[in-house]
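Beneath this line is the structure, given in structure tokens, with notes to follow.
Values quoted throughout were computed directly from the atomic coordinates according to the rules given, and no laboratory measurement underlies them. Every value quoted in this text rests on a predicted model; they were computed, and no experiment measured them. Cβ coordinates were reconstructed from backbone atoms using ideal geometry, including for glycine residues, and neighbour counts include every protein chain displayed.
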Amino acid sequence: MAEAYLARKGRSGAPRLCLDLREAGLPCNRKTVAASMRRQGLRARAARRFKATTNSRHSLPVADNLLRQDFTAAVPNQKWVGDITYLYTEEGWLCLAVIIDLYSRRVIGWAMSERMTAELACDALRMALWRRKQPQGVIVHTDRGSQYCSAAYQELMRAHQLRCSMSAKGNCHDNACAESFFHSLKVECIHGERFGARARMRATVFEYIEVDYNRQRRHSTLGYISPESFELRMSA
């Protein structure tokens, strides 16, 4: 039990650890795993509150909400969501922008910068377009922050024939999947850690997204398999 817990870096609770143990050939159920964790003092990292960072006080045009809190997608590249958050280091703030495919909840694009700019949002979208081989007609949903309403971002959307969708003002539930990813990131690998330099934060975020989250983390919406495993299974 302790070995499986440490292999997941203390991020998994009883449901996910139970599946790990079963895959390793050890018969168990959630209740026995939970009881064993209590006896050994093992606990998944706890959640905490995070404040919103969206700046929607601008006069730029905003798009209609095409997503309408329907976070299901029947095929890849049907619906993407994006968002930006602040990450604190002792050297100064870092901003992280992500693009997530709702089909598999996989982070397909991301970028980091010391400033929350339109170019940061564009860089994350460019990575997603490159990884997904330039699809067209995708609904790309974000909040109505100035970065997403900017001329540069909107021109990139039009150039690739993407469909822009934006949340209602002040409604974080309209972009719940992106908010959920940031929550997992901060709870599982940032909260409680000390980041003296931006370089360490960059390395930590890279490992979390490209290794832990996309390839290994079991996602409840996907039947407790990782985004990468889900895509491989559905394409087989």
Next on the checklist: Yes or no: segment 167-178 includes at least one residue that is of a type in the set (Asp, Glu), crowded, with 17+ Cβ neighbours inside 10 Å and within 16 Å of Tyr103 (Cα to Cα).
Outcome noted: no
Item to check | The one condition in (1) under 17 Å from the mean Cα position of the chain (by Cα); (2) of a type outside the set (A, V, I, L, M); (3) more than 17 Å from Asn65 (Cα to Cα) that His141 fails to fulfil | outcome: (3)
Checklist entry - So which residues in segment 166-208 are of a type outside the set (Asp, Glu), assigned to a loop (DSSP other than H, G, I, E, B) and at negative phi, if there are any at all? => result Ser167, Ala168, Lys169, Asn171, His191, Arg194, Phe195, Gly196, Ala197
Checklist entry - Within segment 205-215, can you find the residues that are surrounded by fewer than 17 Cβ atoms within 10 Å (Cβ to Cβ) and either of a type outside the set (D, E, K, R) or more than 16 Å from the chain's Cα centre (by Cα) (or both)? => result Phe206, Val211
Next on the checklist: Restricting to segment 129-150, name every residue that is within 19 Å of Cys177 (Cα to Cα) and either in contact with an Asp or Glu (Cβ under 8 Å, 6 or more places away or on another chain) or surrounded by fewer than 18 Cβ atoms within 10 Å (Cβ to Cβ) (or both).
Outcome noted: His141, Thr142, Asp143
Checklist entry - Is there a residue being within 12 Å of the chain's Cα centre (by Cα) and more than 16 Å from Ala97 (Cβ to Cβ) anywhere in segment 147-160? => result no
